[in-house]
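Participant: Before anything else, here's the structure in question.
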Amino acid sequence: MNTPRLGVNIDHIATLRNARGVDYPCPVKGALICEKAGADGITLHLREDRRHIKDGDVYAIKQAISIPMNLEMAVTDEMLSIAQNVRPDWVCLVPEKREEVTTEGGLDVVNNAKLPNFIKDLQNAGIKVSLFIDPDIAQITKAIELSADAIEIHTGAFATAWLDDKHLASVELDRIKIATTFAKDNAPHLIVNAGHGLTTDNVALIAQIEGIHELNIGHSIIADSVFLGLDGAVRAMREAFFKVSKC
Ligand code: PXP
């Protein structure tokens, strides 16, 4: 069976901290607990409005962890210069709207004139670049043309459908499978990751897709940590990869 790596997104440790304007819970401490619990990478999203992760967290986490860091960010000049300073192992480029609750939908890489140079600038700084895109053949074709190192397939539509429409969830699951196969057939070197909205209930269906390299999971792990502890929640997520599931 395909066993993807687990990247833990720790943004919502910072959400909890910022809710009270205090200095706990500490995202650095959280990242280290995830690492010890077997996470293969730490993901964090520095949003333009700094609603959760702050600039200082990015630098401190980079210093503290021994596993790869994946910095999610928008395609802006400000973020480019932060990434060039921090030098994360990976940058994942995402769309960003101030009013959204979370990252709704993938980046439109087909219609973004800024992307070719932006990707080159990051790669020239020794940073590998992933593009967060919908499971769409035109988007994947463009990502290959742009020489991205990876794509991350947005699983949000699948995860939303999973909650109350299992037929639609199976349609969305098929889109993700077709997209993954298309990417691997057309660019065997391209890394195919996935993430968004994954929980211990729905993750197995994505984790068991042949060709998926890594899953980036945040909100549900931090939510589960309220009851299981962060270490327990990371371990429970990993175990859930192996569940027998169907839509
Ligand atoms: N991958 C990307 C690119 C994201 O933007 C997010 C949300 O920040 C995630 C994965 C994780 O999504 P969730 O918090 O729903 O697990």
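Quick note: the coordinates plus some simple rules give every number you see, no bench work behind them. Keep in mind that what you see is a predicted model, and the values were worked out from it rather than measured. Glycine also receives a Cβ, built like all others from the backbone with ideal geometry; neighbour counts cover every protein chain displayed.
Participant: In this model, which of Lys29/Lys120; Lys97/Lys246; Lys184/Lys246; Lys62/Lys177; Lys177/Lys243 are farther than 29 Å apart at the alpha-carbon?
Facilitator: Details: Lys29/Lys120 33 Å; Lys97/Lys246 33 Å; Lys184/Lys246 24 Å; Lys62/Lys177 33 Å; Lys177/Lys243 18 Å.
Long pairs (Cα-Cα over 29 Å): Lys29/Lys120; Lys97/Lys246; Lys62/Lys177.
Participant: Would you grab the residues whose amide H sits under 5 Å from the one on Asn9? Only those 5+ places off in sequence or on another chain, please, with H modelled 1.01 Å from N.
Facilitator: Result for Asn9 returns Thr43, Ile217, Gly218.
Participant: Taking the alpha-carbon centroid of each part, what is the distance from the range 1-76 to the range 77-102 in angstrom?
Facilitator: 13
Participant: List the relative contact order of the chain as a percent without decimals, with contacts defined as Cα pairs under 8 Å and 6+ residues apart. Show your work: numbers first, answer last.
Facilitator: Numbers: 473 pairs, mean separation 50.4, N = 247.
In percent, rounded to a whole number, it is 20.
Participant: Once you have the Cα-Cα distance between Ser66 and Asp23, take 0.36 nm times their residue separation minus that, and quote the gain in nm to one decimal.
Facilitator: The span from Ser66 to Asp23 would gain 13.2 nm if fully extended.
Participant: Sticking with this structure for a sec: Counting pairwise Cα distances across the range 96-247, what percent come out greater than 18 angstrom?
Facilitator: In whole percent, the share of Cα-Cα pairs in the range 96-247 beyond 18 Å is 60.
Participant: What are the semi-axes of the equivalent ellipsoid for the range 29-101, taken as the square roots of 5 times the Cα gyration tensor eigenvalues, largest first, in whole Å?
Facilitator: Those come to 21, 13, 11 Å.
Participant: In square nanometres, what is one fourth of the surface area of the convex hull spanned by the alpha carbons of the range 1-143?
Facilitator: Numbers: hull surface 38.1 nm².
In nm², the orientation-averaged hull projection of the range 1-143 is 9.5.
Participant: Assuming 1.002 mPa s and 20 °C, estimate D for the range 138-194 with Stokes-Einstein, Rh taken as the Kirkwood radius over Cα pairs, in µm²/s.
Facilitator: Here the translational diffusion coefficient equals 181 µm²/s.
Participant: Step through the residues of the range 186-196 one at a time and calculate ³J(HN,Hα) from phi using the Karplus curve (6.51 cos²θ - 1.76 cosθ + 1.60, θ = phi - 60°), rounding each to whole Hz and writing x for Gly and Pro.
Facilitator: Those phi angles translate into 8, 8, x, 7, 6, 7, 10, 9, 8, x, 3 Hz.
Participant: Going by how many other Cβ atoms sit within 10 Å of their own, how do Thr102, Thr141, Thr200 line up, fewest first?
Facilitator: Ranked by crowding around the Cβ, least crowded first: Thr102, Thr141, Thr200.
Participant: Need the C-alpha centroid separation for the range 145-193 versus the range 215-232, integer Å.
Facilitator: Here the two parts' Cα centres lie 23 Å apart.
Participant: Another one. Given an 8 Å cut-off on Cα distances and at least 6 residues of separation, report the relative contact order of the range 1-145 as a percent.
Facilitator: Relative contact order comes out at 18 percent.
Participant: Apply 1/(1 + (r/R0)^6) to the Cβ-Cβ distance of Asn186 and Val110, taking R0 = 25 Å, and write down the FRET efficiency to the nearest 0.05.
Facilitator: Step by step, r from the Cβ atoms, then E = 0.95.
Participant: Sticking with this structure for a sec: Could you give me the ³J(HN,Hα) list for the range 83-92, computed from phi with Karplus coefficients 6.51, -1.76, 1.60 and θ = phi - 60°, whole Hz, x at Gly and Pro?
Facilitator: The phi angles translate into 4, 5, 6, 6, 6, x, 5, 10, 10, 10 Hz.
Participant: Return, ordered by residue number, the residues of the range 122-139 whose backbone nitrogen is under 19 Å from a label point located 7 Å along Cα→Cβ of His219.
Facilitator: Residues 132-135 fall inside that zone.
Participant: Right, another one. Between Lys54 and Leu163, 0.36 nm times their residue separation minus their Cα-Cα distance comes to what? Mind dumping the intermediate values first?
Facilitator: Details: separation 109, 0.36 × 109 = 39.24 nm, distance 3.17 nm.
Residue separation times 0.36 nm, minus the Cα-Cα distance, leaves 36.1 nm.
Participant: Peptides 15-23, 54-62, 214-222: what's the order by average Cβ count within 10 Å, highest mean first?
Facilitator: Order by mean packing, descending: 214-222, 54-62, 15-23.
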